1. Note down the nm distance, to one decimal, between modelled labels 7 Å out along Cα→Cβ at Ile43 and at Met18.
2. Could you calculate the contour length gain from Val79 to Trp51, that is, 0.36 nm times the residue separation minus the distance between their Cα atoms, to one decimal place in nm?
3. Placing +1 at every Lys and Arg Cβ and -1 at every Asp and Glu Cβ, with all other atoms neutral, what dipole size does region 62-106 have around its Cα centre, in debye to the nearest 20?
4. For the pair Glu2 and Glu68, what calculated FRET efficiency results from E = 1/(1 + (r/R0)^6), where r is the Cβ-Cβ distance and R0 = 35 Å, to the nearest 0.05?
5. Label Asp96 and Phe28 with points 7 Å out from Cα along Cα→Cβ: what is the distance between them in nm?
6. Going through region 26-102, which chymotrypsin sites (Phe, Trp or Tyr not before Pro) have at most 14 other Cβ atoms within 10 Å and a DSSP loop state?
7. Return the whole-Å distance between the Cα centroid of region 49-68 and the Cα centroid of region 5-38.
Amino acid sequence: MEKLYRTSSYLFIAVMLMVFVGFYKTYFGLFPHFDGITLALHIHAVTILAWMSILIIQPFLIRGKKLELHRLIGKISYVVMPLVVLSTGWIMRLVDLQQNTGQISKPHFDIACYNSRKGKGSLTPNASAGDCTARAAPQISMYSKTACLAVA
């Protein structure tokens, strides 16, 4: 288990690289002007990157026996993580407001149902309401032979 802690920084470096690639077109690639990016998105990006940086740095500090700095950064994380949560809530609220005012469209999902009663099982996009136990919310019920999945 101790080896896992010593090597966890490399996992978080890989995650940070995936975040960079995943948000390149919509955020990082807009540098330095960031046209159309709100203050809320900037704050969210900074807090998430700070949190991920902490996750990367902490194991290196332990391995380098820099316990005082490790403890200080650990205390800083008591501020950073609530800011991550608050900025995420702020973004969610802004997106909700934009969707409700029609500024952006709501995501579109088709329902695909796996119905084991149709032979060996088949995925049926836009299946009839009788095929799925709940059309409003995607779910997989262990008490039913039908599973409903939301697919983009």
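Read the figures in this text as sums done on the coordinates, not as results from a lab. Bear in mind that the values here come from a model prediction, so they are computed numbers and not experimental data. Quick reminder, even Gly has a Cβ in these numbers, built from the backbone with ideal geometry, and neighbours come from all protein chains shown.
1. Label-label distance for Ile43 and Met18, simple model: 2.8 nm.
2. 9.1 nm
3. Working: 7 positive and 2 negative charges, 72 e Å.
It works out to roughly 340 debye.
4. Values: r = 21 Å, r/R0 = 0.59.
Calculated transfer efficiency: 0.95.
5. Result: 3.0 nm between the two label points.
6. On the way: sites: Tyr27, Phe28, Phe34, Trp51, Phe60, Tyr78, Trp90; in loops: Tyr27, Phe34.
Answer by residue number: Phe34.
7. 19
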